[in-house]
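The values are calculated or read from the model by the stated rules, or taken from the named source; none is laboratory data. Source: prediction; values computed, not measured. Cβ sites come from the backbone with ideal geometry, for glycine too, and all protein chains shown count toward neighbours.
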Amino acid sequence: MSSTYSVTQAQNQLSGLIKRAETGASIRIRRRDETVAVLISRERLDAMIETMEILANSDAVKAIETHRAGRTKFVGLSALDE
């Protein structure tokens, strides 16, 4: 769910917009018909950073591709004791 506000509107409603962002909304802030900022929750930002870090790791990307191709082998936790 995304909403767009002018800078002035965002300033006047900042407290409410922060609460909305905390519940998962993306708040776009525009100046002269151009989006200049986006307000999102800390939780969502952390998730985006984690995703970027994973995608920057070539081994992780290979593991994801292997899983998507159906070539991942899962074993039970008991295999760790062996």
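List of remarks:
- Members of segment 47-82 that are under 30 Å from Glu22 (Cβ atoms) and either in a helix (DSSP H, G or I) or basic (Lys, Arg) (or both): Ala47, Met48, Ile49, Glu50, Thr51, Met52, Glu53, Ile54, Leu55, Ala60, Ile64
- Among (1) surrounded by fewer than 12 Cβ atoms within 10 Å (Cβ to Cβ); (2) at pLDDT below 95 - the single one Met52 does not satisfy: (2)
- Of the residues making up segment 22-33, those that are farther than 16 Å from Ser6 by Cα and either in contact with a helix residue (DSSP H, G or I) (Cβ under 6 Å, 6 or more places away or on another chain) or surrounded by 11 or more Cβ atoms within 10 Å (Cβ to Cβ) (or both) number 3.
- Any hit, segment 10-22, residues being in contact (Cβ under 8 Å) with a residue 24 or more places away in the chain and farther than 30 Å from Ile64 by Cβ: yes
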